[in-house]
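Trainee: Quick one: the structure is below, and I'll ask about it shortly.
The values are calculated or read from the model by the stated rules, or taken from the named source; none is laboratory data. Just so it is clear, the structure is predicted and the values come from calculations on it, not from any experiment. We place every Cβ from the backbone using ideal geometry, glycine too, and count neighbours over all the protein chains shown. Accessible surface areas use protein heavy atoms only, side chains included; no ligands, DNA or RNA. Shrake-Rupley method; radii C 1.70, N 1.55, O 1.52, S 1.80 Å.
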Amino acid sequence: MKEPFFSVIIPTYNRAGLISKTIDSVLQQSFQDFEIVIVDNKSTDNTAEVLQPYLQDERIRFHVQEQNYERSRSRNKGMELAQGRYLTFLDSDDLLYKNSLELASQYVQSHDSVNIFHHYYENRDTEDRLVYSYSFPGNYRHIIKKLLLANFLSCIGVFISRTVYGQYRFDEAKAALGSEDWDFWIRVVADHPLGVIPQVAAAIIQHDERTVQQNKAPAILARKDYYLNKYRTTPELLNKLGKQLHIFESGFYLYTATVSYQSGHYRKGYKYIGHAFIKYPACSFTKVFWKIFLSPVKKIFIK
């Protein structure tokens, strides 16, 4: 097969009941010059059996890890195997809308010097009902500050050139897992201007087994300490981000507050909001701050 324009990297683990819809969403793209690289983290369900019919398509490759290394190594392996001019990640329980790759290809034609860009995404449930519309920066000036405060990129709808995916890797340390995509994009965007297609063209699918549902405040705070230490002890990163690490710390506290609220621990949530404000008072001008701050009040009125 000739060099594909896009490589779609799909890491997976025990998603036999969901991955077919994910793959179908790529196969149904209006722009068809792509390959799909599926990296399986040694699933214990019947994922391999489900994938067999798809492997008749020469555009689809399937790699099984020798053991469960978690998502970071799977994404890194996918980047090693990728052959496309541009690469994008897609979790095996999420979807691309039919125009995702077409929008990206059109963007490349008019912005061929941009090495990283993204389109918007939304949150839907398994019945295709809209759950949540995410907020994205309206102004991309000082974008690294906005990314340090909140990972609005997640790991869907972002496209990176071979220049990027040939040079960067996700952090595979056990202590990093859960925020490895945030760290990855921070490091990339610190080096490359971020482009944007202001259109929703993908969906994160909400279901009870999502890995993010397992997040707990202590684990998030432990990751905060890990990454702050990493940035402070890596000269290159300290040089790029050192003066803005208080923003990153504030962002972690906002994230911890969100998780606390979602689990009904409002008092702890307010405590973490306070920590976020102390670290970076300007966080109080963000939508996420007020959404978190007013969340308990909203629940009271709904009741």
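Trainee: How many residues does region 30-61 contain that are among the polar types (S, T, N, Q) and open to solvent by less than 10 Å² (accessible area, probe 1.4 Å)? Give the steps one after another, and end with the answer.
Mentor: As a first pass, look at region 30-61 and keep what is among the polar types (S, T, N, Q): 30, 32, 41, 43-44, 46-47, 52, 56.
The next check asks that each one be open to solvent by less than 10 Å² (accessible area, probe 1.4 Å); those that pass are 41, 47.
Here the count works out to 2.
Trainee: Enumerate the pairs (first residue in region 80-97 and under 19 Å from E58 (Cβ atoms) and in contact (Cβ under 8 Å) with a residue 40 or more places away in the chain; second residue anywhere and among the aromatic types (F, W, Y) and part of a strand (DSSP E or B)) with beta-carbon separation below 9 Å, excluding pairs fewer than 6 apart on the same chain, so at least 6 apart or on different chains.
Mentor: As it stands, the answer is G84/F6; G84/F34; R85/F6; L87/F6; L87/F159, since those pairs meet every condition given.
Trainee: Do you know which residues across region 62-79 are surrounded by 14 or more Cβ atoms within 10 Å (Cβ to Cβ) and of a type in the set (D, E, K, R)?
Mentor: Selection gives E70, R71, R73, R75, K77.
Trainee: Something else now. Of the residues that sit in region 138-184 and are over 19 Å from A104 (Cβ atoms) and among the basic types (K, R), which one is most open to solvent (accessible area, probe 1.4 Å)?
Mentor: Taking the candidates together, the pick is K174.
Trainee: Given D33, D112, D40, which one is within 30 Å of I143 (Cβ to Cβ), acidic (D, E) and touching a helix residue (DSSP H, G or I) at 6+ places or on another chain (Cβ under 9 Å)? First the steps, then the outcome.
Mentor: On the way: D112 fails: touching a helix residue (DSSP H, G or I) at 6+ places or on another chain (Cβ under 9 Å); D40 fails: within 30 Å of I143 (Cβ to Cβ).
Every option except D33 fails the conditions.
Trainee: Of the residues I273, I278, I247, which is surrounded by fewer than 14 Cβ atoms within 10 Å (Cβ to Cβ), of a type in the set (A, V, I, L, M) and outside any loop (DSSP other than H, G, I, E, B)?
Mentor: Values: I273 fails: surrounded by fewer than 14 Cβ atoms within 10 Å (Cβ to Cβ); I247 fails: surrounded by fewer than 14 Cβ atoms within 10 Å (Cβ to Cβ).
Within the list I273, I278, I247, the selection yields I278.
Trainee: Only one of (1) modelled with pLDDT of 95 or more; (2) open to solvent by less than 50 Å² (accessible area, probe 1.4 Å); (3) farther than 20 Å from I9 by Cα is not met by V188, so which one is it?
Mentor: Going through the list (1) modelled with pLDDT of 95 or more; (2) open to solvent by less than 50 Å² (accessible area, probe 1.4 Å); (3) farther than 20 Å from I9 by Cα, V188 breaks only (3).
Trainee: Count, please, the residues in region 96-121 that happen to be buried (at least 19 other Cβ atoms within 10 Å of the Cβ) and part of a loop (DSSP other than H, G, I, E, B).
Mentor: Within region 96-121, residues that are buried (at least 19 other Cβ atoms within 10 Å of the Cβ) and part of a loop (DSSP other than H, G, I, E, B) number 2.
Trainee: Condition first: closer than 20 Å to R73 by Cβ and of a type in the set (V, I, T). Now tell me which residues in region 147-189 satisfy that.
Mentor: I156, V158, I160, V164, I186, V188
Trainee: Take G269 and tell me if it is at pLDDT 85 or above and of a type in the set (G, A, S).
Mentor: Numbers: at pLDDT 85 or above: yes; of a type in the set (G, A, S): yes.
Yes: the conditions hold for G269.
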